[in-house]
Amino acid sequence: MLRAVSVACAAVLAFLTLSMAASSHAVAAPLTHQGSGAGHTLPASGGQNGSWAPLNDPKAAVGTWPSRIAANGDVVGMYYDKTYNAHGFVLRNGNWMTLDDPQANPPPGVLLGTFAFAESSNGDVAGYFNTRNYEAHAFVLHNGTYNNFEVKGSWNTWAFDMNDQGTVVGTCTRNATYYGFVKTATTTTVFGYPGADETQALGVNNNGAVVGYYFLHGVQHGFLDNGGKFSAINYPHALWTVASGVADNGDVTGYYSDGAVTHGFVLHAGSYAQLDAQGAAETMPAGITSAGKVVGSDYSGHTWNGFMYSP
């Protein structure tokens, strides 16, 4: 459970160096790119040529983790209060609205609570909450009502994203192993990356493409599941890679480690670009739009701060 909780904080999806030089690499085996991707280019100079805006919930005492930008411009995410309990939020027209599932009852001071991750075009919000015994249960907030659910046969269920069709993706545990799941209005599919030791699904777009990460022989790799066709996502020369969000045009964002520092990245039309928040020690993007806007969190050495990057 602790690994999934850390993903929630970072991938928001919880876990650079200030690279002023461009860091764009060709992919050895280019992934299929959906659409033209017109309207933006890859971040240049590690993202320093774009604009960065802070996104910090005023009620946050420990940190803020934005996870997605909705179609209407809302930003969804979570923050920790001074007791280290988690609360979801929706940032709408400059107003920060707190979300707390009424069944959330986490032990105090253990970085658990209510986590919001995505908002669909009709205003529904997906996320998960923790109970007193540390269990995780997913929810979809619809018209003010928290509709909680679990993947059948699973001990824990974490919802990490939802598209405009109401398809929810996330992670569940079965027999102490992590699997991804895709939940539609009529079916729930549990899956693992082929041959992987464990899999976590973190993002979905309106075309049904799913991203996340998997472990194979102790090494962490990102992945894209495009209609049942799996492709690995590995930032060149990275120690490990996580793919945390996917836009409707097929662009992917996430983060990777070079062995010393965690950097953000954007994968666009088969090319990678590094994305580092200025002045931060770690950068962990979570969500991306087809216009190239990215939200996520960065670590300043004192606390986690939310950000929005615009190319």
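The values are calculated or read from the model by the stated rules, or taken from the named source; none is laboratory data. The model shown is predicted, which means the values in this text are computed figures rather than measured ones. As a convention, Cβ positions derive from the backbone with ideal geometry for all residues, glycine included, and neighbour counts pool all protein chains shown.
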* Test Phe191 against the criterion of being within 28 Å of Asn122 (Cα to Cα), within 16 Å of the chain's Cα centre (by Cα) and aromatic (Phe, Trp, Tyr), and give yes or no. => no
* Matching entry among Ala273, Ala238 (being among the small types (Gly, Ala, Ser), surrounded by fewer than 24 Cβ atoms within 10 Å (Cβ to Cβ) and assigned to a strand (DSSP E or B)) -> Ala273
* To do: Within segment 111-153, track down each residue that is outside any strand (DSSP E or B) and under 15 Å from Met78 (Cα atoms).
  => Leu111, Leu112
* Residues of segment 241-258 satisfying the condition of being of a type in the set (Gly, Ala, Ser) and assigned to a loop (DSSP other than H, G, I, E, B) -> Ala247, Gly250
* Asked: Hey, among the residues in segment 148-179 that are closer than 22 Å to Leu224 by Cβ and of a type in the set (Asp, Glu), which one's farthest from the chain's Cα centre (by Cα)?
  -> Asp164
* To do: Taking the residues in segment 194-217 that are more than 15 Å from the chain's Cα centre (by Cα) and not in a strand (DSSP E or B) as candidates, determine which candidate is surrounded by the fewest Cβ atoms within 10 Å (Cβ to Cβ).
  => His217
* To do: Spot the failing condition for Ala280; the list is (1) in a strand (DSSP E or B); (2) within 23 Å of Gly63 (Cα to Cα), and only one is missed.
  => (1)
* Can you run down the residue pairs with Cβ atoms below 8 Å, 6 or more apart or on separate chains, where the first is in segment 230-254 and farther than 22 Å from Ser67 by Cβ and the partner is in a loop (DSSP other than H, G, I, E, B) and among the polar types (S, T, N, Q)? => Ser231/Thr32
* **Breaking point among (1) modelled with pLDDT of 95 or more; (2) surrounded by fewer than 20 Cβ atoms within 10 Å (Cβ to Cβ); (3) in a loop (DSSP other than H, G, I, E, B), for Gln220** => (3)
* Of the numbered conditions (1) out of contact with any Asp or Glu (no Cβ under 7 Å at 6 or more places or on another chain); (2) surrounded by 15 or more Cβ atoms within 10 Å (Cβ to Cβ), Glu119 satisfies every one except a single condition; which is it? -> (1)
